[in-house]
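The values are calculated or read from the model by the stated rules, or taken from the named source; none is laboratory data. Since this is a predicted model, take the numbers as computed values, not measurements. Cβ placement follows ideal geometry from the backbone for every residue including glycine, while neighbour counts extend to all protein chains displayed. All accessible areas refer to the heavy atoms of the entire protein, side chains included, with ligands and DNA or RNA removed. Shrake-Rupley method; radii C 1.70, N 1.55, O 1.52, S 1.80 Å.
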Amino acid sequence: MPKKRRFKSHGELLLPERLIIKAFIFLLVIYFIFSLYVGYVRISPTLGSSSVFSRLLPILSYSWYTFIFPLFISLDIVLILIFITVLILVWPLRQSIKVYPKPTKYGKNIKMKHEHDSKALTTWKGIVTKANTGVQTNIKSAIIDADSLVDRVLKAQGFSGDNMGERLKSYSGNGSRRVDLIWKAHKLRNEIVHNPEFEVTRADAMGALATYREFLKTLKVM
Amino acid sequence: MLDFLSGTDNIILTGLKSFLIGIAPVVFFFIFVPFVRSLWIYWRQRTFEHSLEWAYLELKIPRVIEKNARGMDQVFKSIHTLINKAGDLGERYLLGEVTVWYTFELVSFSGDIHLYMRVFKPQKRMVEAAIFAFYPDIEVIEIEDYTKDLPNNVADMDAMGLDIWGTEMILAKDDVLPIKTYIDFEKSGDESKLDPISVFIEALGKAHSGEFVSLQFNCAPELPGWGDKYGDLIKKMKIPGVEEFKSPSGDVRPITIGKTKQENDIIQAVEKNIAEPGFKTLIRLLYIAPKDIWEEDFPRRVLRGLFNQYGQGDMNSFVDLERVTTRVTNWNFPFIFRKSRVRARQQRLLQMYIERDIEIEMFMGKLLTSHVFHWNFHAREIILNSTALATLFHPPTDLTLTGPHIQRMESKKMGAPAGLPIYADEKVLDRFINEK
């Protein structure tokens, strides 16, 4: 049976990393043995002729405090310096969250998605093309369409009400926004819908459509 | 702490004290090194991630796609070959290379459904080629990132009167057990063919005006042989059961209990599952709606529940990751600051959605991105194979009623006939030849 390749995960230690760790520990052991030797040479004569076991502890303590201890203290200081530096560098890059952030530019100008805008523009183009034919029925239907487009936009922008009249009222607020022109156009549309014998003049139709266009511009959909 | 050891008369305690002080720097060094390494790699990886350039693609589907999810399965297999990973010290410690991941999204703006992809820009052509190879009728167009139109943070959402719900979906059991795939949905005959994505299309198409619903799949290719770590588990599954049998004469002897068909099926399915290329996947659900038409039941029960169709009782199924779900009650630990905890989760989810983040690899990264109200240790990536991913995300086939919900390409695409002249006429050809 062929031998399977060993599974390697993304976070696994690489071969060079493992080698570096092994080499570091190996060098450390060598250094420790060397320090013991130095300690033996320097300390042993001062201890006189005591037993091996009682000599061991002073030698060990001497070598540890003269060689190993300073080495690791300096390594620790280097590590802490690296840690602090990298922390400062990575701080602005990390994906942090704020629970009570400030609104961004986008949130400040309250507007629904741009998705609707292009749609509204396409619809509007269709309305203009229809009105441009000059046929009475087409002009009537264009005005009705324009009115329903405005109504849809009002609805999408969150103005409440059961019908367009109420939505316009809610749009005007306490009279801070002018809606008299759009009211006039809306009345024309109502006349078209409710009176089958009504004939709309060209001038009236163009005026109403212009009003709708201006209104859509103030609603920032075009 | 060490004050009680200061009695000079006790030689053992003095020795112990000097021993502890002496050994402290060494212990500190060996404990601290992994933290520094983790922080360093996180820093390099963040720099690498910031340097990546992305291409945002939209899949425009034609009127009829006769191919089933197998086409997408092949696309995922092609994408899997683009895998990269940090292979040497330079790539890991200086470049900070991470496996480049791909994002697939099924998004509904007020019921208008779109299929999006985000790919690494240099790989755009390869991914496009893979899609064209299996779906010649699909049009792939590069678009602006639509998330620019989403609220950027919870404050924006407050200002706009929006509310948000979201979670991450994970597997209920080990990755090695498969979910129900498109192959299972099509098993029995032509008439009962089903397209699992149709329920998502229908549910997303039902979104009201102003609602935003999205399923996001972030997939990073996993190295070949991702199932090898489950080798022992599979071996254990294969061992037949042994029971002691007492014969009428009184002596006890072991007998082997054979596997049932069900158990054999599971072993077969598991082996098939790990044979396919794997993807580390993070599935994110997001629902944003104006507060006046907000319905929590839609995402929480409907959307999450739709994932149940992929579940198989004896194998695997999807569950939501409760620790990141944007729903906190006062009955969850630590019982206080409910509002802030919800906001933290919402903010994290929205931010991760917009950045299409996958799980952070390094411990220090997780620690640094944590917030006191929401620690960032909860993300759990699952490994799905290409077949499972294709079942979750593929262009809807003709079994799905896409007409009312998705804008389609209305024209059929054909290649140019062979033998067309390359140059317009003789004059142009002359100019082309004589130009120096």
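Rounded to the nearest angstrom and ordered from largest down, what semi-axes does the equivalent ellipsoid of the stretch A:17-95 get from its C-alpha gyration tensor (root of 5λ)? They are 39, 15, 8 Å, listed from largest to smallest. Here the protein assembly as shown yields Rg over Rh of 1.11, to two decimals, using C-alpha coordinates and the Kirkwood radius. With the simple spin-label model, which puts each label point 7 Å out from Cα in the Cβ direction, the B:Leu89 to A:Ser54 separation comes to 4.9 nm. Label positions at B:Val33 and B:Gln123, each projected 7 Å from the Cα along the C-beta direction, are separated by 3.4 nm. Computed from Cα positions, the angle between helix A:69-90 and the longest principal axis of chain A comes to roughly 10 degrees.
Please work out the FRET efficiency for the pair B:Ile267 and B:Phe377, using the Cβ-Cβ distance as r and a Förster radius of 30 Å; give the result to the nearest 0.05.
Working: r = 34 Å, r/R0 = 1.13.
Here the calculated transfer efficiency is 0.30.
Beyond 22 Å, what share of the Cα-Cα pairs of the stretch A:115-219 remains, rounded to the nearest whole percent? Tail of the P(r) past 22 Å holds 28 percent of the pairs. As a calculated quantity, the FRET efficiency between A:Glu197 and A:Met222 at R0 = 35 Å, using C-beta atoms, amounts to about 0.55. Take the solvent-accessible surface of the protein heavy atoms, probe 1.4 Å, and return the percent of it on chain B that carbon and sulfur atoms account for. Summing carbon and sulfur atoms, their accessible area is 58 percent of the total for chain B. For chain B, the 222 nm mean residue ellipticity estimated from helices alone, with every DSSP H stretch of n ≥ 4 adding -39500 (n - 2.57) and the total spread over all residues, rounds to -10500 deg cm²/dmol.
The alpha carbon centroids of the stretch B:42-65 and the stretch B:263-337 are separated by 24 Å. The mean of 1/r over all distinct Cα pairs in the stretch B:184-261, once inverted, gives the Kirkwood hydrodynamic radius of 19.3 Å.
Model label points for B:Thr260 and A:Ile43, set 7 angstrom from Cα along the Cα-to-Cβ axis, are 7.1 nm apart.
On full extension, the segment bounded by A:Ile21 and A:Asn163 gains 43.5 nm, given 0.36 nm per residue less the C-alpha separation. Leaving ligands and nucleic acids aside, the A/B contact buries around 5400 square angstrom of accessible area in total at a 1.4 Å probe radius.
Per residue, the solvent-accessible area of the stretch B:225-269 (1.4 Å probe, heavy atoms of protein chains only, all protein chains present) comes to 76 Å².
Quick one: pull the percentage of alpha-carbon pairs in chain B with a separation above 29 Å. Tail of P(r) above 29 Å: 58 percent of Cα pairs. Translational D (Stokes-Einstein, µm²/s) of the stretch B:71-140 at 37 °C and 0.692 mPa s when Rh comes from the Kirkwood sum over C-alpha pairs? So the translational diffusion coefficient is about 234 µm²/s. With a ≥ b ≥ c the root eigenvalues of the C-alpha gyration tensor of the stretch B:225-269, is it rounded (a/c under 1.5), prolate (a/b larger than b/c) or oblate? Note, shape of the stretch B:225-269 comes out oblate. The stretch B:114-142 and the stretch B:194-212 have Cα centres separated by 23 Å.
So which of A:Lys125/A:Lys217; B:Lys67/B:Lys193; B:Lys229/B:Lys366; B:Lys173/B:Lys236; B:Lys67/B:Lys261; B:Lys77/B:Lys235 end up more than 21 Å apart by C-alpha? If you can, show how the numbers build up before the last one.
Details: A:Lys125/A:Lys217 14 Å; B:Lys67/B:Lys193 12 Å; B:Lys229/B:Lys366 25 Å; B:Lys173/B:Lys236 17 Å; B:Lys67/B:Lys261 32 Å; B:Lys77/B:Lys235 27 Å.
Among A:Lys125/A:Lys217; B:Lys67/B:Lys193; B:Lys229/B:Lys366; B:Lys173/B:Lys236; B:Lys67/B:Lys261; B:Lys77/B:Lys235, the Cα-Cα distance tops 21 Å for B:Lys229/B:Lys366; B:Lys67/B:Lys261; B:Lys77/B:Lys235.
Only helices enter the 222 nm calculation for chain A: every DSSP H run of n ≥ 4 contributes -39,500 (n - 2.57), and dividing by all residues gives -23000 deg cm²/dmol, rounded to 500.
Distances over 27 Å make up what percent of all Cα-Cα pairs in chain A?
Roughly 66 percent, once rounded to a whole number.
Using the Cβ-Cβ distance between B:Ser51 and A:Asn132 with R0 = 56 Å, the FRET efficiency computed as 1/(1 + (r/R0)^6) comes to roughly 0.60.
Within the assembled protein chains, the solvent-accessible surface assigned to B:Glu97 is about 30 Å², based on a 1.4 Å probe.
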